[in-house]
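Since the structure comes first, as structure tokens, the remarks are kept for the end.
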Amino acid sequence: MERTTLTRQQLYELVWSKPMTTLAKDFGITGNGLAKICERLGVPRPPRGYWAKKEAGKKVIRYRLPARQEGQPETAIIRPTPRIPKASADEAVAKKEILDRIKTVKELPKFPSGMHRLVKPWIEQHREEQNKSRRRARDRRGWAPEPRADLTERDQYRFRVTSALFTALEAAGVKIDGVKRIGEFQVTTDGQTLQIVLKEKMQRAKPAGHEPSSAWTAYPHDHQTGLYPSGFVQAVIKTHYAGRYDRRWIESRQKDFATLIPSIVAEVIEAGPIIAREKEERAEAHRRYEEEAERRRNAARDAALDDARWEHFRALAADWEEVERLNRFIEKLESSAPNAEGLRWARARLNALDPTKRDVWNDLDSVKVPYSAW
């Protein structure tokens, strides 16, 4: 759909010819967007219930189009809101097959042999940190920090569920990068990026049987202090879209993480087109904002130029009045105190001042917009 340029009069006639929602669809925009255009151009709209009354044969009142106010545009350019094309039937079938295949995953991979290639470096990194801390403790005299603890059952479980989720995401064609051991990573789907966190869900309540001295993780500093492990992991999409932050999936005794994976992958796949559409809508809104700002700047410059021209015109009128006064004075001198050289000089200066001796309108056209108006 192409953009449309309408004058105030044309928009006025259209607005009173059919309901706003119907007219807005003709232009490929929302009814609210069309209402804002009418407001900007000072075009009155039918009141609520107008079309129902008219259809019922009742008397209705059509508001007249008022005169254009100063600074109000005469025309408007209506650009249809870009729409993301829906996935083709083949693409929809392919996505369904992917999700069906994911639903068949019943077990988490074994640790450490079944870890995903992006998770395996965490195990190697832990081993290196552990060896390094042990050497440091052995070589130092006196107090030394505790060596890095072994990976606990909770650490291994988080590595396993992370591996399972990574495998499922890649099977759905999702790219994974920016992976951090603390459970943060980002995924790219349909060209759009989402930030995701997968880690132990912490809680304020102390779990039964929890001992302060017991190390539930080899990485206590990766978790908020003052909280306790819940014994369950959670996945959170941190990226904002469709009006929401922090979409969460939390496992429970009734639902382990493996059963949550299909819904997480499905959400990621569906998020791509939504984010793309919202980006285009924001870009379109920003374009409209810039367009309106430019219109306002131009209107302000035009008004400033008009004021400057008027002030110059008034100055010319003042010069003309001054010429009349000086001319009478020169005529008096010619009769009472003639001086040929002095009178020639006075007449020359008088002619230079006289605005009627030159093209006044061309003079006005030379007036520039004041610097303060830019």
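Are any residues in the range 260-269 free of Cβ contacts under 8 Å to residues at least 40 places away in the same chain and under 17 Å from residue 186 (Cβ atoms), and if so, which ones? Explain how you work it out, then say what you get.
Applying the first criterion (free of Cβ contacts under 8 Å to residues at least 40 places away in the same chain) to the range 260-269 yields 260, 263, 267.
If the condition is that a residue be free of Cβ contacts under 8 Å to residues at least 40 places away in the same chain and under 17 Å from residue 186 (Cβ atoms), then 267 is the only one that fits.
Could you give every pair whose Cβ atoms fall below 8 Å, whose first residue belongs to the range 33-59 and is in the same structural domain as residue 18 (by TED's automatic domain parsing) and among the basic types (Lys, Arg), and whose second residue is part of a loop (DSSP other than H, G, I, E, B) and modelled with pLDDT under 95, counting only separations of at least 6 or pairs across chains?
40/72; 40/73; 53/59; 53/60; 54/60
Would you check if there is a residue in the range 22-33 being of a type in the set (Ser, Thr, Tyr), loosely packed, with under 14 Cβ neighbours inside 10 Å and at pLDDT 90 or above? Break it down stepwise before answering.
As a first pass, look at the range 22-33 and keep what is of a type in the set (Ser, Thr, Tyr): 22, 30.
Now narrow it down to the ones that are loosely packed, with under 14 Cβ neighbours inside 10 Å: 22.
Narrowing further to those that are at pLDDT 90 or above: 22.
Taking every residue of the range 22-33 in turn, at least one turns out to be of a type in the set (Ser, Thr, Tyr), loosely packed, with under 14 Cβ neighbours inside 10 Å and at pLDDT 90 or above.
Restricting attention to the range 32-49, does a residue exist that is β-branched (Val, Ile, Thr) and either in contact with a His (Cβ under 6 Å, 6 or more places away or on another chain) or within 20 Å of residue 71 (Cβ to Cβ) (or both)?
To start, the set of residues in the range 32-49 that are β-branched (Val, Ile, Thr) comprises 37, 43.
From what's left, either in contact with a His (Cβ under 6 Å, 6 or more places away or on another chain) or within 20 Å of residue 71 (Cβ to Cβ) (or both): 37, 43.
Checked against the condition, which is being β-branched (Val, Ile, Thr) and either in contact with a His (Cβ under 6 Å, 6 or more places away or on another chain) or within 20 Å of residue 71 (Cβ to Cβ) (or both), the range 32-49 yields at least one hit.
Output yes when any residue across the range 200-212 is touching a residue at least 40 places away in the same chain (Cβ under 8 Å) and in contact with a helix residue (DSSP H, G or I) (Cβ under 7 Å, 6 or more places away or on another chain), and no when none is.
Taking the range 200-212 as the starting set, the residues that turn out to be touching a residue at least 40 places away in the same chain (Cβ under 8 Å) are 200-201.
With the extra rule that they be in contact with a helix residue (DSSP H, G or I) (Cβ under 7 Å, 6 or more places away or on another chain), the set shrinks to 200.
Yes, there is a match, as at least one residue in the range 200-212 is touching a residue at least 40 places away in the same chain (Cβ under 8 Å) and in contact with a helix residue (DSSP H, G or I) (Cβ under 7 Å, 6 or more places away or on another chain).
Going by what's in this entry, would residue 137 be described as closer than 20 Å to residue 262 by Cα and not in a loop (DSSP other than H, G, I, E, B)?
No, not satisfied.
Applying the selection to the range 151-165, what residues are surrounded by 17 or more Cβ atoms within 10 Å (Cβ to Cβ) and in a loop (DSSP other than H, G, I, E, B)?
If the condition is that a residue be surrounded by 17 or more Cβ atoms within 10 Å (Cβ to Cβ) and in a loop (DSSP other than H, G, I, E, B), then 151 is the only one that fits.
Looking only at the range 78-110, filter to residues that are closer than 30 Å to residue 155 by Cβ and modelled with pLDDT of 70 or more; which one of those is surrounded by the fewest Cβ atoms within 10 Å (Cβ to Cβ)?
Checked the range 78-110; the qualifying residue surrounded by the fewest Cβ atoms within 10 Å (Cβ to Cβ) is 107.
Quick one: residue 210 ticks every box in (1) in contact with a Phe, Trp or Tyr (Cβ under 7 Å, 6 or more places away or on another chain); (2) surrounded by 15 or more Cβ atoms within 10 Å (Cβ to Cβ); (3) part of a loop (DSSP other than H, G, I, E, B) except a single one, so which number is it?
The one condition residue 210 does not meet is (2).
Regarding residue 230, is this residue in a loop (DSSP other than H, G, I, E, B) and either of a type in the set (Phe, Trp, Tyr) or touching a strand residue (DSSP E or B) at 6+ places or on another chain (Cβ under 9 Å) (or both)? Talk me through it step by step, then tell me what you get.
Working: in a loop (DSSP other than H, G, I, E, B): no; either of a type in the set (Phe, Trp, Tyr) or touching a strand residue (DSSP E or B) at 6+ places or on another chain (Cβ under 9 Å) (or both): yes.
Taking the combined requirement at face value, the residue does not satisfy it.
If you check residue 293 against the conditions, is it more than 26 Å from residue 3 (Cα to Cα) and either at pLDDT 90 or above or exposed (fewer than 11 other Cβ atoms within 10 Å of the Cβ) (or both)?
For residue 293, the condition - more than 26 Å from residue 3 (Cα to Cα) and either at pLDDT 90 or above or exposed (fewer than 11 other Cβ atoms within 10 Å of the Cβ) (or both) - is not met.
Residue check, residue 241 against (1) over 17 Å from residue 266 (Cα atoms); (2) out of contact with any Leu (no Cβ under 7 Å at 6 or more places or on another chain), all met but one. Which one?
Here residue 241 clears every test but (1).
Residues of the range 166-184 being surrounded by 14 or more Cβ atoms within 10 Å (Cβ to Cβ), under 22 Å from residue 278 (Cβ atoms) and touching a strand residue (DSSP E or B) at 6+ places or on another chain (Cβ under 7 Å), which ones?
169, 174
Any residue that is closer than 30 Å to residue 79 by Cα, surrounded by 14 or more Cβ atoms within 10 Å (Cβ to Cβ) and either assigned by TED's automatic domain parsing to the domain that holds residue 33 or among the small types (Gly, Ala, Ser) (or both) - is there at least one of those in the range 327-350?
Filtering the range 327-350 for residues closer than 30 Å to residue 79 by Cα gives none.
Looking for residues that are closer than 30 Å to residue 79 by Cα, surrounded by 14 or more Cβ atoms within 10 Å (Cβ to Cβ) and either assigned by TED's automatic domain parsing to the domain that holds residue 33 or among the small types (Gly, Ala, Ser) (or both), one finds none in the range 327-350, hence no.
If residue 276 meets every condition in (1) touching a Gly at 6+ places or on another chain (Cβ under 8 Å); (2) free of Cβ contacts under 8 Å to residues at least 60 places away in the same chain apart from one, which number is that one?
Status for residue 276: all satisfied but (2).
Out of all the residues in the range 66-77, is one or more without any contact (Cβ under 8 Å) to a residue 60 or more places away in the chain, more than 27 Å from residue 287 (Cβ to Cβ) and surrounded by fewer than 14 Cβ atoms within 10 Å (Cβ to Cβ)?
Among the residues of the range 66-77, at least one is without any contact (Cβ under 8 Å) to a residue 60 or more places away in the chain, more than 27 Å from residue 287 (Cβ to Cβ) and surrounded by fewer than 14 Cβ atoms within 10 Å (Cβ to Cβ), which makes the answer yes.
Of the residues that make up the range 267-286, is at least one in contact with a helix residue (DSSP H, G or I) (Cβ under 7 Å, 6 or more places away or on another chain), modelled with pLDDT of 90 or more and within 29 Å of residue 166 (Cα to Cα)?
Filtering the range 267-286 for residues in contact with a helix residue (DSSP H, G or I) (Cβ under 7 Å, 6 or more places away or on another chain) gives 268-269.
Filter once more, keeping what is modelled with pLDDT of 90 or more: 268-269.
Still in the list and also within 29 Å of residue 166 (Cα to Cα): 268-269.
Within the range 267-286, one or more residues are in contact with a helix residue (DSSP H, G or I) (Cβ under 7 Å, 6 or more places away or on another chain), modelled with pLDDT of 90 or more and within 29 Å of residue 166 (Cα to Cα).
The values are calculated or read from the model by the stated rules, or taken from the named source; none is laboratory data. Since this is a predicted model, take the numbers as computed values, not measurements. Cβ sites come from the backbone with ideal geometry, for glycine too, and all protein chains shown count toward neighbours.
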